There are 2 protein chains.
Amino acid sequence: MVGRNLVGPEVDALELGVVLRALADEHRRSVMMELAADRTDGERGCNSFDLPISKQTQTHHFRVLREAGLINEIDYGNRKGIRLRRTDVESRFPGLLALLAAELT
Amino acid sequence: MVGRNLVGPEVDALELGVVLRALADEHRRSVMMELAADRTDGERGCNSFDLPISKQTQTHHFRVLREAGLINEIDYGNRKGIRLRRTDVESRFPGLLALLAAELT
DNA sequence: TCAAAGGTACGATTGATTTCGTACCTGAGT
DNA sequence: ACTCAGGTACGAAATCAATCGTACCTTTGA
């Protein structure tokens with residue numbers, strides 16, 4: 001099945017406050033640290049992050065990341081793909097992803 | 001009168017989570033944006049930020065920034081000095097202050 | 001067609017954070 | 001000594017955010 005890309009803000013609409021609030025949460029930050037550190041930027045399943053929380057809560061967190069403009073969510077119906085918006089984030093907030101990647105112990 | 005420097009974490013103890021939670025708040029972020037953009041790094045009175053909140057709440061916010069390791073607070077008894085910990089923050093989170101300074105419209 | 005796995009919607013709960021009222025402290029200046 | 005401006009301590013109220021239970025949807029594969 002072909003996936004539908006769920007909507008997020010355009011590059012110019014990214015706001016630092018929204019982004020920082022998104023990154024303030026430990027679980028969302030761990031997702032972003034993994035994505036930032038993986039330079040292949042491949043699409044990942046949203047179960048590949050081993051988050052120790054229920055799937056309803058994961059839905060919530062990935063939506064927050066998407067609405068902040070940090071990731072794309074691709075809806076396949078019964079599964080979901082996650083992809084970092086690296087060029088957008090890097091162009092709007094240069095250095096931010098490096099900061100996150102560097103925190104990956 | 002000579003001021004006493006209120007305690008904050010050492011450079012090595014700075015944590016990204018704590019820092020991002022501190023920066024997630026709009027008022028604290030506006031303080032940090034001003035400090036980051038002012039390269040003189042002079043000591044500032046904590047009334048120089050024109051925060052639209054009560055002084056009790058300001059006390060709270062500056063403490064959060066200090067405990068995150070972002071600023072020093074110098075206690076003069078009946079007034080308080082604020083100073084950005086630029087070298088510490090820059091060494092632990094390179095690029096973060098530039099990100100904040102760039103947001104100052 | 002039907003079951004199973006993965007995901008979402010909605011609402012409730014719980015917990016954290018922001019905010020401020022009241023009371024009190026400190027130093028400067030009269 | 002007294003007042004005043006600036007700050008803090010403590011606690012309560014209000015707001016916001018994370019979490020999950022229940023119910024429901026979508027696709028895959030038997």
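Since every read-out is calculated from the coordinates, none of them should be taken as a lab result. None of these values were measured; they are calculated from a predicted model. No Cβ is skipped: glycine too gets one built from the backbone with ideal geometry, and neighbour counts run over all protein chains shown.
Shown is the FRET efficiency for B:A13 and A:M1, computed with R0 = 45 Å from the Cβ-Cβ distance and rounded to the nearest 0.05: 0.40. Take each residue of peptide A:96-104, count the partner chain Cβ atoms within 10 Å of its Cβ, and average: the result is 3. When chain B is turned onto chain A, its residue with the beta carbon nearest the axis, and that distance in whole angstrom, is B:G95, 2. Phi angles across region A:10-16 convert, under the Karplus curve 6.51 cos²θ - 1.76 cosθ + 1.60 with θ = phi - 60°, into 3J(HN,Hα) values of 5, 3, 5, 9, 5, 10, 4 Hz, Gly and Pro given as x. Here A:K55 is the anchor, and the lysines within straight C-alpha reach of less than 17 Å, apart from those fewer than 8 places off in the same chain, are A:K80. For region A:44-57, backbone phi angles converted through the Karplus equation (6.51, -1.76, 1.60; θ = phi - 60°) give residue-by-residue couplings of 10, x, 7, 8, 7, 9, 6, 6, x, 9, 5, 5, 4, 5 Hz, Gly and Pro being listed as x. Peptide B:64-77 is shielded by partner chain Cβ atoms: per residue, an average of 0 of them sit within 10 Å of its Cβ. For B:E15, the amide hydrogen comes within under 5 Å of no other amide hydrogen, counting only partners 5 or more places away or on other chains and with H modelled in the peptide plane. Computed packing ranks the peptides A:97-105, B:58-66, A:52-60 as B:58-66, A:97-105, A:52-60, most packed first, by mean other Cβ atoms within 10 Å. Region A:46-77 and region A:1-36 have Cα centres separated by 9 Å. Counting only Cβ charges, +1 for Lys and Arg and -1 for Asp and Glu, the dipole size of the protein assembly as shown around its Cα centre is about 340 debye. Every helix of 4 or more DSSP H residues in chain B counts as -39500 (n - 2.57), and over all residues that averages to -13500 deg cm²/dmol at 222 nm. Panel values: the protein assembly as shown, Kirkwood radius from alpha carbon pairs, Stokes-Einstein at 10 °C and 1.306 mPa s, translational diffusion coefficient 86 µm²/s. The Rg/Rh ratio for chain B, using Cα coordinates for both the radius of gyration and the Kirkwood hydrodynamic radius, is 0.93. Taking the dipole about the Cα centre of chain B, with the C-beta of Lys and Arg at +1 and of Asp and Glu at -1, give me whichever of B:L35, B:A13, B:A101 is farthest to the positive side. Looking along the dipole axis, the top candidate is B:L35. Other protein chain C-beta atoms within 10 Å of residue C-beta, averaged over A:20-30: 4.
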